[in-house]
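Notes follow once the structure below has been shown.
The values are calculated or read from the model by the stated rules, or taken from the named source; none is laboratory data. As the structure is a prediction and not an experimental result, all values here were calculated from the model. So basically every Cβ, Gly included, is an ideal-geometry build from the backbone, and we count neighbours across all protein chains shown. Surface accessibility is based on the protein's heavy atoms, side chains included, excluding ligands, DNA and RNA. Shrake-Rupley method; radii C 1.70, N 1.55, O 1.52, S 1.80 Å.
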Amino acid sequence: MVEVKGRWALITGAARGIGRGAALFLAERGCNLILQGRTKEHCAAVLSEVKALGVEAYAVGAEFSDISQVKEMLEEIDSLGKPVDIILNNAGIQIAYRNEYLKTPPSDYEESFRINTIAPMMIVYHFLPKMEKRGFGRIVNTTSGIRLEPE
């Protein structure tokens, strides 16, 4: 595994599930964190947990269906002055499973595409050039909705 001690990671969807687990895993290895949730308050518990492990950490809030909030979040992260070395694009949604596929409203696709594709790519495009310039970076894009569609 790459040495993460002292590095900075941005984890989206950090309030619970895979994001929370990744935050704790990285913090245990000395990685500093920027934790994203729909609101900063959503990340309060995990923020306390990772700080208790001795790392620096911040919470940022952004609703990924609102692209202007993603832009504001990126500006806020930049204002922290911390070099983001690792990105876990984990935040995502799975629109409710539908039995009548032909009645799926276009808004389902629009919201899903903004949250699952556009927002993560905005994050990647924002930080990747900085990673390249520093000569180090790791980006992982993931999502899971399997619990909603076990069949």
Sort ILE77, ILE86 from largest to smallest accessible area, using a 1.4 Å probe on the heavy atoms of the protein chains.
ILE86, ILE77
Unit-weight point scatterers at every alpha-carbon of the stretch 17-88, Debye formula, q = 0.19, 0.27 1/Å: log10 I(q)/I(0) is -0.75, -1.35
Report, to the nearest whole %, how much of the accessible area of the stretch 24-139 belongs to carbon and sulfur atoms, 1.4 Å probe, protein only.
54
In range of the label at SER79: residues from the stretch 11-47 whose backbone nitrogen is under 15 Å from the point 7 Å along Cα→Cβ:
40
What's the magnitude of the charge dipole for the stretch 48-149 around its Cα centre, counting Lys and Arg as +1 and Asp and Glu as -1 at the beta-carbon? Answer in Debye, nearest 20.
340
Simple spin-label estimate for GLU3 and ARG29 in nanometres, 7 Å along Cα-Cβ:
1.3
Amide H to amide H, which residues 5 or more places from TYR58 or on other chains are under 5 Å from it, using H placed in the peptide plane?
LEU33, ILE34, LEU35
By how many degrees, between 0 and 90 and to the nearest 10, does the Cα long axis of helix 67-80 differ from the longest principal axis of the chain?
10
Backbone HN-Hα couplings from phi across the stretch 15-29 [Karplus 6.51/-1.76/1.60, Hz, Gly and Pro as x]:
5, 7, x, 4, x, 4, x, 5, 4, 5, 4, 5, 4, 4, 9
Expressed as a percent, the portion of alpha-carbon pairs in the chain spaced more than 23 Å apart is 36
Given H placed 1.01 Å from N in the peptide plane, which residues other than close sequence neighbours of ARG7 have an amide H under 5 Å from its amide H?
ASN32
Residue by residue through the stretch 110-118, which ³J(HN,Hα) values in whole Hz follow from phi under the Karplus form 6.51 cos²θ - 1.76 cosθ + 1.60 (θ = phi - 60°), with glycine and proline marked x?
4, 5, 4, 5, 4, 6, 8, 10, 5
Cβ-based net charge around ALA45, under 10 Å, with every Lys or Arg adding one and every Asp or Glu removing one:
0
Can you check what the net charge comes to around PHE127, using other residues whose Cβ is under 14 Å from the Cβ of PHE127 (Lys, Arg +1; Asp, Glu -1)?
+2
Using a Förster distance of 30 Å, the FRET efficiency for ALA45-GLN69 (Cβ separation, nearest 0.05)
0.90
For ARG38, list long-range residues whose amide hydrogen, built 1.01 Å from N in the peptide plane, is under 5 Å from its own amide hydrogen.
ALA62
On a 0 to 90 degree scale, rounded to 10, what angle separates helix 119-134 from the longest Cα axis of the chain?
30
